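Inspection log for the structure reproduced underneath, given as structure tokens.
The values are calculated or read from the model by the stated rules, or taken from the named source; none is laboratory data. What you are looking at is a predicted structure, and each value in this text was computed from that prediction instead of being measured. Cβ sites come from the backbone with ideal geometry, for glycine too, and all protein chains shown count toward neighbours.
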Amino acid sequence: MQKAPDVETRSAKPLDRRASACPEPAQGASRPAPRWASVIATFFGIGYLRPGPGTWASAATTLLWAVVVHAIDASFRIPIAITLSILIVLIGIPAATKISRASGRKDPQIVVIDEVAGQLIALIGVPLAWKPFLAGFILFRLFDILKPPPVRQLETLPEGAGIVFDDVAAGLYAFAIVHLLLHFGLLR
């Protein structure tokens, strides 16, 4: 009688990383990130969308902000946008740090809370109209991808700060250009 071949036992981890809300640690990384960090850093799972998770997060932020702007009084829009941007940065940095440590990567692609912060900054004070919103979206994505100085240099900050602050700077560039275009009447 032949002996059955030895079967390797495997741990019960998902085959697809996207199936797990908390990324498994890479070799040399620390333990898995807490669920709250995964939810925040991936912006409720948008960071798992392909291709271009950052673009998906920026598009979702633009659409969500349009809904919020439509629902609130004009006098509250700027203070709410600034407050939300600050809160997203403050919670996004530790969440991005946790995911970065758990994955063993400096800037994991699934972390998109930085795009949420930058995109919202780009839309502060922008009137609810398709041209200014589209311009804010395109300009933010452009500055986020090209990373003109000092955007690229901000990536060298440690952990979550480096992940988030480069997008904050890209958002500020987009904010400035959109408001210049609005000032000169080029987005009517």
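So the values come out like this:
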| read-out | value |
| --- | --- |
| Considering residues of the range 84-114 that are assigned to a helix (DSSP H, G or I) and of a type in the set (S, T, N, Q) only, the residue surrounded by the most Cβ atoms within 10 Å (Cβ to Cβ) | SER100 |
| Contacts under 7 angstrom Cβ, first residue in the range 89-115 being of a type outside the set (A, V, I, L, M), partner surrounded by 22 or more Cβ atoms within 10 Å (Cβ to Cβ) and modelled with pLDDT under 95, 6 or more apart | LYS98/ALA33; SER103/PRO23 |
| Candidates ALA81, ALA117, ALA66, ALA29 - the one that is surrounded by 15 or more Cβ atoms within 10 Å (Cβ to Cβ), of a type in the set (Gly, Ala, Ser) and at pLDDT below 95 | ALA29 |
| Candidates GLY47, GLY125, filtered to the one that is at positive phi and either touching a Pro at 6+ places or on another chain (Cβ under 9 Å) or surrounded by fewer than 19 Cβ atoms within 10 Å (Cβ to Cβ) (or both) | GLY125 |
| Looking only at the range 141-177, and only at residues there that are in a helix (DSSP H, G or I) and either in contact with a Leu (Cβ under 6 Å, 6 or more places away or on another chain) or of a type in the set (Lys, Arg) (or both), the one that is surrounded by the most Cβ atoms within 10 Å (Cβ to Cβ) | ALA174 |
